[in-house]
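Reading through the structure tokens given below for one structure.
Bear in mind these aren't lab numbers, they're just calculated from the coordinates by the rules spelled out. Being a predicted model, the structure only gives us computed values, none of them experimental. As a convention, Cβ positions derive from the backbone with ideal geometry for all residues, glycine included, and neighbour counts pool all protein chains shown.
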């Protein structure tokens with residue numbers, strides 16, 4: 001799904017995007033997407049990090065599912081009682 005993105009940019013940058021779009025025979029959107037992709041790869045190489053590895057391990061926990069659920073329910077019940085006492 002495409003999203004609308006709005007930002008103020010320097011006029012020289014805007015002209016550069018237009019020039020690149022003309023030379024590549026593509027849209028300004030395609031130029032920006034390609035630029036962000038290439039910059040992301042460059043940063044990933046320099047830092048040695050992988051966004052996928054950094055975000056996909058969020059589900060790994062030391063506690064069991066039952067312990068997580070019990071903790072959440074306990075916090076909810078305490079909060080609920082606090083507002084109704």
Exercise. Sort 67-76, 4-13 for me by packing, meaning the mean count of neighbouring Cβ atoms within 10 Å per residue, highest on top.
Key: 67-76, 4-13
Quiz item: Relative to the present Cα-Cα distance, how much length would full extension add between residue 3 and residue 16 at 0.36 nm per residue of separation?
Solution: 2.4 nm
